[in-house]
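Report on one structure; see the data block that follows.
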Amino acid sequence: MTYSYFPGCTLKTKGKDLDIWGRASAEALGFHLQELDQWQCCGAVYPMAKDEIATRLSSVRALMAAGEAGQELVTLCSACHHVIKRVNRDMQTDETIRDRVSRYLGLQTPYAGETTVLHYLEVLRDRIGFDNLKQKVVNPLTGRKIGAYYGCMLLRPASEMGFDNPENPTILEDFIRAIGAEPVVYARRNECCGGYCTIKSKDYARKQVDAIMENARACGAQELITACPLCLYNLTENATDGLPVAYFTQLLAEALGVKEEQK
Amino acid sequence: MMDTIKRISGVNPRKCMKCGKCTASCPAFDEMEFHPHQFVDMVENGRIDQLMQSRGIDFCLSCFACVERCPRNVEPAKLIEAVRLAVVRQQGGDHLRPEAIPHLLDENLPQQAITAAFRKYRK
Ligand code: SF4
Ligand code: SF4
């Protein structure tokens, strides 16, 4: 199975580990991520204002390119995922936005959100299946106690993201179980880490991060995983005394044995 | 101005039943001089100038906790975003300039943070 793939700006630079191990693991699991020929940064924040049109265009272009290739569009970064999925929904439901985007791009064929947007984790859950993933694991991460850090963007607003239960998500815990480790559930796993404010106020970001770390540690987590480069940065750099944080794809690659192969 | 805010946010503040759940969910409420539920009320009552002058609006994390948990589907975050845009769209309203970027950077800061900051703090 081949999917169109939107890596996004960060995965080409600071977030390489999310990208590299995601792609390598995909091959081991029997699917292929085909990077879109031309893609532009999604803008990293969803334009909430209805009159912001230009900031929606790069998402629409990516969506249309995947549509033309007859493929579903996969993202790994939770911010890209958030932005592209919500812009796609605008194209499905908001006539004014659809109309203005169409005129802006001079579209011959109208686009009304026909492309399916999937996060990599959704591919694992809904296309591959966690049971199948489990069977492909060669190095189960037995005994490791891992806390899933969801953050905001994968989950909310659930009416638009349709990713998982926003208050009691399970997808990352199921993933952790599939790779042979033990998931640690803690209350703050879906509370914002304050990443956007790291540029404005480190102190504020630190306060958020410390609360998350304290909670995760008290519940027995020894390490955390995330799908967001900004969360990873923030949880790592702004923690007073943090747990180690990795991308979920790094652990996936480890469990599938693709890390050794490439060494 | 009130109409502009309502139009670009698409929010009807009159749906709010003043339960305060948005503020209770908000990780940034301590940093904002007007908490999300007050914010909704102030838009409803046309106190936009006061909101535009409030520094606290930059601390909204766009985490959508208030949107998710509001029982009336008011979407307070969209109002905050609309007010923030009203500020940065003014002449000279930017408060992040490209010249300021280099000293904000450190070795590991992801591009995403910079792109997001540009989107949030300048037009
Ligand atoms: S949660 Fe919704 S209804 Fe309750 S105060 Fe906030 S905006 Fe109003
Ligand atoms: S989106 Fe902004 S106002 Fe709403 S809960 Fe998050 S930080 Fe608070």
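No value in this document is a laboratory result; all are computed from the given coordinates. Computed from a prediction, not measured in an experiment: that's the story for all the values here. Glycine also receives a Cβ, built like all others from the backbone with ideal geometry; neighbour counts cover every protein chain displayed.
Mind checking the full-extension length gain between A:MET1 and A:ASP51? Use 0.36 nm per residue of separation minus the Cα-Cα distance, one decimal, nm. Could you put the intermediate results ahead of the total?
Values: separation 50, 0.36 × 50 = 18.00 nm, distance 3.75 nm.
Going from the current span to full extension adds 14.2 nm.
For A:LEU118, list long-range residues whose amide hydrogen, built 1.01 Å from N in the peptide plane, is under 5 Å from its own amide hydrogen.
Distant-sequence amide H within range of A:LEU118: A:LEU73, A:VAL74, A:THR75.
Could you check the simple spin-label distance between A:GLN222 and A:CYS41, using points 7 Å along Cα→Cβ, in nm with one decimal?
3.8 nm
Amide H to amide H, which residues 5 or more places from A:THR2 or on other chains are under 5 Å from it, using H placed in the peptide plane?
It is A:HIS32, by chain and number.
Restricting to DSSP H runs of at least four residues, report the calculated mean residue ellipticity at 222 nm for chain A, -39500 (n - 2.57) per run over all residues, nearest 500 deg cm²/dmol. Show your work: numbers first, answer last.
Values: 11 runs with 112 residues, N = 263.
It lands at -12500 deg cm²/dmol.
How large is the Rg to Rh ratio of the stretch A:2-120 when both quantities use alpha carbon positions and Rh follows Kirkwood?
Rounded to two decimals, Rg/Rh equals 0.97.
To make sure I understand the rule: partners must be aspartates and glutamates, Cα under 12 Å from the Cα of A:LYS12, and not fewer than 8 residues away in the same chain. Which ones qualify?
Within the straight-line limit of under 12 Å, A:LYS12 reaches these aspartates and glutamates: A:GLU35.
Among A:LYS200/B:LYS15; A:LYS145/A:LYS200; A:LYS14/A:LYS259, which pairs are too far apart, with a Cα-Cα distance over 27 Å? Before the final figure, lay out each step's value.
On the way: A:LYS200/B:LYS15 32 Å; A:LYS145/A:LYS200 33 Å; A:LYS14/A:LYS259 19 Å.
Table pairs above 27 Å Cα-Cα are A:LYS200/B:LYS15; A:LYS145/A:LYS200.
Multiply the residue gap between A:ARG127 and A:ASP241 by 0.36 nm, knock off their C-alpha separation, and tell me the result in nm, one decimal place.
37.2 nm
Where a Cα-Cα gap under 15 Å defines reach, which aspartates and glutamates qualify for B:LYS6, not counting those fewer than 8 residues away within the same chain?
A:ASP51, A:GLU52, B:ASP41, B:GLU44, B:ASP49, B:GLU75, B:GLU81
Among A:ILE84, A:ILE53, what is the fewest-to-most ranking by other Cβ atoms within 10 Å? The partial results should precede the final answer.
Numbers: A:ILE84 28, A:ILE53 18.
So the ranking, lowest neighbour count to highest, is A:ILE53, A:ILE84.
When every alpha-carbon pair in the stretch A:176-263 is counted, what percent end up more than 20 Å apart?
Working: 1423 of 3828 pairs.
So the portion of pairs separated by more than 20 Å is 37 percent.
Would you kindly compute the Cα radius of gyration of the protein assembly as shown and its largest Cα-Cα separation (Dmax), both in Å?
Rg, Dmax (Cα atoms, Å): 20.5, 64.
For each of B:HIS35, A:HIS119, A:HIS32, A:HIS81, count neighbouring Cβ atoms within 10 Å of the residue's Cβ, then give the residues from fewest to most.
With the fewest neighbours first, B:HIS35, A:HIS119, A:HIS32, A:HIS81 line up as A:HIS32, B:HIS35, A:HIS119, A:HIS81.
Would you list which lysines come within 19 Å of B:LYS21, measuring only between C-alpha atoms, while excluding same-chain residues fewer than 8 positions from it?
In chain and number order, the partners are B:LYS78.
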